[in-house]
Amino acid sequence: MKIIVTGGAGFIGSHTVVELIERGHTPIIIDDYRNSKPFILSRIEEITNTTVKSYNIDCCSFDKLDKVFKEEQPDGIIHFAAYKAVGESVNQPLKYYNNNLNSLTNILSLMQKHKVDNIVFSSSCTVYGTAEKIPVTEKTPRKPAESPYGNTKQVGEDILTDFFNSEHDKNISILRYFNPIGAHPSGLIGELPIGTPNNLVPYITQTAAGIRKELTVFGDDYTTKDGTCIRDYIHVVDLATAHIYAIEKIAKQSKQLDIYNVGVGIGTTVLEVVQTFEEVNNQKLNYIIGNRRAGDVVEIYSDNTKIVEELNWKPKYSLKDALRDAWNWQKKMQND
Ligand code: UD1
């Protein structure tokens, strides 16, 4: 299938483009590199030994996007392009609502106009807020979003559902990601945080590399086994693969709306991540215990039964693999 991948040079997008090619599909990247780097394209080509077509376009530019749809006539879209920093979204909510929602409505309008039937949407476990029961299934009620970023994911899901109900033939797969970490095992692509990383694993790798003085663990007085927050960390290649299975499934259907949790189904504390990183990479990490971070949920991890049963998807990589690959990527980046 020919598939437009918005945000295809980004962290999850670039790994998905690689997996699409490996499964025989033809990805077309749309990215304006505001949160990614053009050199990732040549890295994708190096890994896959294929030329990848790309457009430097902001998904909020309807007319430019229209031209790409007209030119390419894709079979489907995987829509990643969005802002994702929780803290920034609290200070600049309009930036998040404008970008994340306009790009989505543009894409849906163009799916109508150009008769493109299939879309996979990047959602997040953040839509569950502070869930009553852990692990969360897709039926766990969504709680009010904890941030404007989280709200763009909830509203994005609602827009897609309304769109689905109003159309005769559209297929939608909403993937709720847990915490994607790691990098491609080749060490050629991975996460490229701009400035100080917000997320745990890039902060750890930059600390181990000496770019940051120390990691601050945000609170050790939660009611968990070691007092630190619990998350479901998934290797980015496993997450990428889920997109391929999701689009291949809906492309065979007519009027289908799927929602899947994409996590490994294991809850891991922040200190367990730190210890595993130290062990697997033989590195001592400087860290201190700091205050809780505003907006953090204490514990969330997935029940992934639905995706495992319906898509026959299974994570191949462990936490150790992900932390080894993340460190390998960090080291390679510094040497390049
Ligand atoms: C959050 C969202 C996720 C979103 C992601 C985007 C939730 C449950 N998750 O992930 O949906 O896609 O942001 O950025 O809302 N930590 C430290 N020190 C650090 C950094 C993080 O201790 O320097 C801790 C955090 O407190 C948290 C864990 O590490 O317990 C993971 O944090 P992070 O990597 O930022 O991801 P989430 O906040 O879980």
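Summed over qualifying helices (DSSP H, 4 residues or more, each -39500 (n - 2.57)) and divided by its residue number, the chain shows a 222 nm mean residue ellipticity of -12500 deg cm²/dmol. Taken about its Cα centre, the chain carries a charge dipole of roughly 260 debye when the Cβ of each Lys and Arg holds +1 and the Cβ of each Asp and Glu holds -1. Paramagnetic label reach from residue 130 (point 7 Å along Cα→Cβ; backbone nitrogen cut-off under 19 Å): within the range 238-275, residues 270. Between residue 209 and residue 305, the FRET efficiency estimated from the beta carbon spacing at R0 = 45 angstrom works out to 0.75. For residue 258, the residues 5 or more places off, or on other chains, whose built amide H falls under 5 Å of its own are 172, 173, 174. Averaged over residues, the count of other Cβ atoms within 10 Å places the peptides 158-165, 187-194, 16-23 in the sequence 16-23, 187-194, 158-165, highest first. For chymotrypsin sites (Phe, Trp or Tyr not before Pro), the sites in the range 1-79 that DSSP calls loop and that have at most 14 other Cβ atoms within 10 Å are 33.
Exactly which trypsin sites (Lys or Arg not before Pro) in the range 34-119 are in a DSSP loop and have at most 16 other Cβ atoms within 10 Å? Could you put the intermediate results ahead of the total?
Numbers: sites: 34, 43, 53, 64, 67, 70, 84, 95, 113, 115; in loops: 34, 84, 115.
Passing both the DSSP loop test and the Cβ count: 34, 115.
Taking amide H positions as modeled 1.01 Å from N, with prolines and chain starts lacking one, the residues under 5 Å from residue 30 and 5 or more places away or on another chain are 5, 6, 7, 8, 55. Working note: Karplus 6.51/-1.76/1.60 with θ = phi - 60° gives the range 303-312 the couplings 9, 9, 3, 5, 5, 5, 6, 7, 9, 6 Hz, where Gly and Pro are set to x.
Going by the alpha-carbon gyration tensor, a ≥ b ≥ c the square roots of its eigenvalues, is the range 116-188 rounded (a/c under 1.5) or, if a/c is not under 1.5, prolate (a/b greater than b/c) versus oblate? Show your work: numbers first, answer last.
Details: a/c = 2.04, a/b = 1.13, b/c = 1.81.
Cα axes put the range 116-188 in the oblate bin.
Can you figure out the FRET efficiency of residue 291 with residue 56, using R₀ = 45 Å and their beta-carbon distance, to the nearest 0.05? Rounded to the nearest 0.05, the efficiency is 0.65.
Packing around the peptides 143-152, 122-131, 304-313, taken as the average count of other Cβ atoms within 10 Å per residue, puts them in this order, highest first: 122-131, 143-152, 304-313. Straight-line cross-link partners of residue 67 among the aspartates and glutamates, defined as a Cα under 13 Å from its Cα and at least 8 positions apart when in the same chain: 58. Could you give me the ³J(HN,Hα) list for the range 93-102, computed from phi with Karplus coefficients 6.51, -1.76, 1.60 and θ = phi - 60°, whole Hz, x at Gly and Pro? So the J values, rounded to whole Hz, are x, 5, 4, 6, 5, 4, 6, 5, 8, 5.
Of the solvent-accessible surface of the range 238-336, computed with a 1.4 Å probe and all protein chains present, 44% belongs to carbon and sulfur.
Shape class for the range 271-336, computed from the alpha carbon gyration tensor (a ≥ b ≥ c): oblate, with a/c not under 1.5 and a/b at or below b/c. Close amide H partners of residue 287, meaning residues 5 or more places away or on another chain with modelled amide H under 5 Å apart, are 215. Taking each of 95/331; 53/306; 37/84; 225/316 in turn, the alpha-carbon distance tops 23 angstrom for 95/331; 53/306; 225/316.
Between rounded, prolate and oblate, where does the range 29-86 land on the alpha carbon gyration tensor, with a ≥ b ≥ c its root eigenvalues, rounded for a/c under 1.5, else prolate if a/b exceeds b/c?
Details: a/c = 1.91, a/b = 1.13, b/c = 1.70.
The shape class here is oblate.
Each residue of the range 262-268 is assigned a 3J(HN,Hα), and the resulting list reads 10, x, 8, x, 10, x, 10 Hz, derived from the Karplus form 6.51 cos²θ - 1.76 cosθ + 1.60 (θ = phi - 60°), x at Gly and Pro.
The values are calculated or read from the model by the stated rules, or taken from the named source; none is laboratory data. Just so it is clear, the model here is predicted, and its values are computed rather than measured. Note: ideal-geometry Cβ built from the backbone for every residue, glycine included; neighbour counts use all protein chains shown. The accessibility values were calculated without ligands, DNA or RNA, using every heavy atom of the protein model including side chains. Shrake-Rupley method; radii C 1.70, N 1.55, O 1.52, S 1.80 Å.
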